[in-house]
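The values are calculated or read from the model by the stated rules, or taken from the named source; none is laboratory data. Quantities reported herein were computed from a predicted structural model and do not represent experimental measurements. Every residue, glycine among them, receives a Cβ derived from its backbone with ideal geometry; neighbour counts consider all protein chains shown. These accessible areas exclude ligands, DNA and RNA; they are computed on the full protein's heavy atoms, side chains included. Shrake-Rupley method; radii C 1.70, N 1.55, O 1.52, S 1.80 Å.
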Number of protein chains: 2
Amino acid sequence: MRRMTARPANAHQSRLLKLLRDGGPHSRAQLGDRVDLSRSKLAVEVDRLLETGLVVADGLAASRGGRRSHNVRLHPGLRFLGVDIGATSVDVAVTNAELEILGHLNQPMDVREGPVAVFEQVLEMAGKLKATGLAEGFDGAGVGVPGPVRFPEGVPVAPPIMPGWDGFPVREALSQELGCPVMVDNDVNLMAMGEQHAGVARPVADYLCVKIGTGIGCGIVVGGRVHRGTTGSAGDIGHIQAVPDGRPCACGNRGCLEAHFSGAALARDAVEAARQGLSADLAARLEANGTLTAVDVAAAAAAGDATALDLIRAGGTQVGQVIAGLVSFFNPGLVVIGGGVTGLGHTLLAAIRTQVYRQSLPLATRNLPIVLGELGPTAGVIGGARLISDHLFAPA
Amino acid sequence: MRRMTARPANAHQSRLLKLLRDGGPHSRAQLGDRVDLSRSKLAVEVDRLLETGLVVADGLAASRGGRRSHNVRLHPGLRFLGVDIGATSVDVAVTNAELEILGHLNQPMDVREGPVAVFEQVLEMAGKLKATGLAEGFDGAGVGVPGPVRFPEGVPVAPPIMPGWDGFPVREALSQELGCPVMVDNDVNLMAMGEQHAGVARPVADYLCVKIGTGIGCGIVVGGRVHRGTTGSAGDIGHIQAVPDGRPCACGNRGCLEAHFSGAALARDAVEAARQGLSADLAARLEANGTLTAVDVAAAAAAGDATALDLIRAGGTQVGQVIAGLVSFFNPGLVVIGGGVTGLGHTLLAAIRTQVYRQSLPLATRNLPIVLGELGPTAGVIGGARLISDHLFAPA
DNA sequence: ACGGCTTTCTCCATTCACAGGACAAAGCTC
DNA sequence: GAGCTTTGTCCTGTGAATGGAGAAAGCCGT
C-alpha cells in the first residue's frame, strides 16, 4: 500500500481512530456507545475516515439479536516501527495499527559508537523486518534513546552516557532515511507509555515507571500524559544522592543512586565479591565468562547464592529509599519496576517494597501497588509505536 | 447585590471570564485579539454574559486613533474569600473579582483546637471584613488547610498535625455557614496557585513551590495545573528522609526533613544552642521571651550572630539536598521558596541554591531560577480566591 | 470646517456542526 | 411469517460560527 498520508480532521476523528487502535474493530453502534455523538454525526465522521483510507470496512459481525453490524477497523496495512535504543542493545519491532507486535528483533550494540553507526544498525534491522514480508514500508516510527531529549525537536541533549549524540538531529535524520514521520523520546518514557498502553498501568492516571538497566530512570505519568520536564530531563533519578558521601559517580558527584545500584554497579559489585572469595557460585561464573553481568547475579540468586541475594537486597533497599522519597512527593497510584534487572525478580521487588512501605508517608502508600512491568523488552517498542500513533492520530 | 448564581454556559464564556479576571476591563476588540473568535460570535457571548450580570459595562475607553471602545468588566460587587489556615495562625482576606485583596486579617491560632473552634474564628474574621463595608456577602470561598485533602469532596484526610480534622466535611460545613460555594485544598497548593496567579511564577508552566513554615510542603504545578496525587498527599516532602538514621520524627521514622529543618525544628535548635552557651544573642532573646521562634533566629542572623547563621545554613543545606533530588526528578522551570521562614531570607536561599546547583543534574539546573516567593502571607489567600474563581468560572 | 483614515461595533446572510426522529434493512424467536 | 430487536441511513430543524457590509465615532491634516 502507499503509506499513510491522511490525518484526522477533527477531535472526533482522532477519538475514533484511538478507539479503533485500542479496541480493535468496532461497529458504528459500538463506537456510538463510547463517543457521545448522535448516530448521524458518527456516521458522517466514520464515512470521512473511510474516504481517507485510514479506516476500512471489516465485514459483518455476528448478530446480537437484530440486524448484523458492519464492522470498521484501521487499515490492516498500516505499520509502525518501534525502536528502543538502550545503552548496550537495540530493539526494533513492527506493529500493526492496533500496536500489536508483528516482528521483533534485538541486537547487542554500544550507543557510544555514536548515532551514525547505531542508525545504520537500526535501518538494517528495519530492513530485515521488511524482508520477512511483515511490512512494505512504515507509516511512522517512535524512537527511544537512553538520555534526555528535547522532545518537540526530537534531539538528544547533553546525554551523559552517549557522547556524540548531543544535538544530533535524530528525528530529522531518521525521518529522512525511513521516509515516514518520526518521534523521539527518552527510553524510559517509552517504557512508561508501553506499560500504560498494554501492560500493568492500563487503568492508572498518575504513576511512576522505574527502569533499572545499565542506568536508572523513571517515567512520570501525570493525568495519563508523560511529564518530560522543562529541559526534557524529568525522571533522571540515577543521580539523586542515595548515600551521603557515598561512592564516586561518573557524573562527578558522590553517592548517586546509579553508582550504588544499577545493572553496571551490580555487575561490578559481583565481580568484587567473587574476587574476595565471598561466593563460590559467582567466582565460578566469573571464571567461566571472564566477566559478570546482572544476569549472572540473577542466576546465582536463583540458585540460592547468599552473596548474590545480599547484593540484590542491598540494591533494592537503595532504590527503595529513593523511590520512597518520590512516592511521598508525587503520590502516584502505581509504581512499576522494569528494565534489564527485572530478571532479579521478586527478591529485588521485595526489598524495594519493604523500604518504600517503611519510609513513605502512610497515606501515600495506603493503596499503592508496587509491581514488576509485565511487558519486558517489548514495553519500549510498544511505547514507541504508541508515541508515533498518538502523534499521527492527533487532530490536525 | 444578590450573590452570584450564574455560571458560564460554555467554554468561550469561561475563557472570557478568566481574561477579565486576570487582565481587568477589556473592550470587545481587545477580547477578540486574545480569544480566536469572530467579532460577531464574540459580541454574542459578551452580550450573554452581560445578561447574566456577571459582567457589566464599564464606560468608554480612550481612543486609540479611531472610535472609542466600550469596556466591559466583571461585576464590581463580586467578592471572594480566601482563607489560609496554618498550623499556628489563620489568614482571611476578601478580594474582588480580579482577585485583588481588598481587606486582609491575620490571627494567631492553633489548628489542633479542631475544626469547630477554628471555623468559629474564621467566620468571625469574615464577619469583621464584612462589617468594614468591603463586602455584603461572598460569592465563593477558597480554603487552605495544613494537610492532605481529598480534593473533590473537600475533606482533610489523615492530617498528621491536625488531629480531629480527619474526615471533617470542611467544604460542606463552610459552604453552609457562608452561604456560598467553597473549595478546599492543601495550604501549600494554595500558595503555589497564588504565586502563579500574581507572583513570581506567572510565566512558568512546570514549577515547584516549597513552603517552609511549621512543617514543610511542596506545591507541584504541571502544565499550569496543580498536581494533587492519587490520595491528595502529593508534595508532602516533610517526611522524606534527609539524614539516614537521623533524628526521630513525630511520624515514627528517623531523619525526616521536617525533624531536621522547619520552623519548629529551627526554634528547637536555637533554644538548645542558647542553652549550651553557643550564642549570647540567642541566649538574650531566650531570656527575654522565655522561648524562641524562627523569627528570633532571623533577627539574630540579621544582627550577625554566627550561630544563628550556621543554623540557617545547615538547615538550608538539608532542604537543598531534598530539593536537589526533586529537581533531578521533576525538572521544573522554577523553584519558589516561601512560607514563614522567608524571613530568613537570602542566607537560607543561598544555602539552598548552593546545594541544589551542586547536587542536581546539570541539565536540570542549567536555567533553573530558585527564588523567594514575592507575595508573602498573601500568596495563600490569593491562591484561595483563585481556586474558587477557577471553579466558578469553569464551563457548566 | 471638512474630507480621508482608522478603529470599534452591529447586522445579516451563509455555511457548518449536530441532534433526533422517521424509516429501511436485516436479523432473531416463536 | 408475525412481531420484536438491532443496526444503519436519510432528512430536517436548530444553534454555532464565520465573514463581509456598513454604521458609529473617533483621529488628523489641510
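Looking at (1) open to solvent by less than 60 Å² (accessible area, probe 1.4 Å); (2) within 12 Å of DNA strand D (Cβ to nearest atom), find the lone condition where B:ALA62 falls short.
So the condition that B:ALA62 fails would be (1).
Which numbered condition trips up B:ASN71, out of (1) in contact with a Gly (Cβ under 8 Å, 6 or more places away or on another chain); (2) within 19 Å of B:GLY383 (Cα to Cα); (3) of a type in the set (S, T, N, Q)?
Evaluating B:ASN71 over (1) in contact with a Gly (Cβ under 8 Å, 6 or more places away or on another chain); (2) within 19 Å of B:GLY383 (Cα to Cα); (3) of a type in the set (S, T, N, Q) leaves (2) as the failure.
Any idea which of (1) touching a helix residue (DSSP H, G or I) at 6+ places or on another chain (Cβ under 7 Å); (2) more than 14 Å from every other protein chain (Cβ to nearest Cβ) is the one B:VAL335 doesn't satisfy?
(2)
Could you identify the single residue in B:ARG275, B:ARG268, B:ARG247 that is surrounded by fewer than 16 Cβ atoms within 10 Å (Cβ to Cβ) and either under 28 Å from A:VAL356 (Cβ atoms) or outside the structural domain of B:VAL336 (by TED's automatic domain parsing) (or both)?
Result: B:ARG247 is the single residue among B:ARG275, B:ARG268, B:ARG247 that is surrounded by fewer than 16 Cβ atoms within 10 Å (Cβ to Cβ) and either under 28 Å from A:VAL356 (Cβ atoms) or outside the structural domain of B:VAL336 (by TED's automatic domain parsing) (or both).
Of everything in the stretch A:135-157, what is in a loop (DSSP other than H, G, I, E, B), surrounded by fewer than 22 Cβ atoms within 10 Å (Cβ to Cβ) and in contact (Cβ under 8 Å) with a residue 60 or more places away in the chain? Give them in sequence order.
A:GLU136, A:GLY137, A:PHE151, A:VAL157
Against the definition (assigned by TED's automatic domain parsing to the domain that holds A:ALA131, of a type outside the set (S, T, N, Q), closer than 30 Å to A:THR214 by Cα and within 28 Å of the chain's Cα centre (by Cα)), how does A:ALA97 come out, yes or no?
no
Output yes when any residue across the stretch A:322-330 is of a type outside the set (Ser, Thr, Tyr), outside any helix (DSSP H, G or I) and touching a Leu at 6+ places or on another chain (Cβ under 7 Å), and no when none is.
no
Just name the residue that is most open to solvent (accessible area, probe 1.4 Å) out of those in the stretch B:219-241 that are in a strand (DSSP E or B) and facing chain A (nearest Cβ under 7 Å).
B:GLN241
Only residues that are surrounded by 23 or more Cβ atoms within 10 Å (Cβ to Cβ) and either within 16 Å of DNA strand C (Cβ to nearest atom) or of a type in the set (Asp, Glu) (or both): list them for the stretch B:76-102, please.
Correct list: B:ASP84, B:ASP91.
Of the residues A:ARG67, A:ARG73, only one is surrounded by fewer than 22 Cβ atoms within 10 Å (Cβ to Cβ) and closer than 13 Å to A:LEU16 by Cβ; which?
Going through A:ARG67, A:ARG73 in turn, the sole match is A:ARG73.
Return the residues of the stretch B:290-328 that are farther than 17 Å from B:ILE352 by Cα and either within 14 Å of chain A (Cβ to nearest Cβ) or in contact with a Ser or Thr (Cβ under 6 Å, 6 or more places away or on another chain) (or both); say none if nothing qualifies.
B:ASP305, B:THR307
Based on this model, can you work out whether A:ASP269 counts as among the acidic types (Asp, Glu) and in contact (Cβ under 8 Å) with a residue 24 or more places away in the chain?
yes
Among the residues of the stretch A:343-384, count how many are surrounded by fewer than 21 Cβ atoms within 10 Å (Cβ to Cβ), part of a helix (DSSP H, G or I) and away from every other protein chain (no Cβ under 11 Å).
The qualifying residues number 8.
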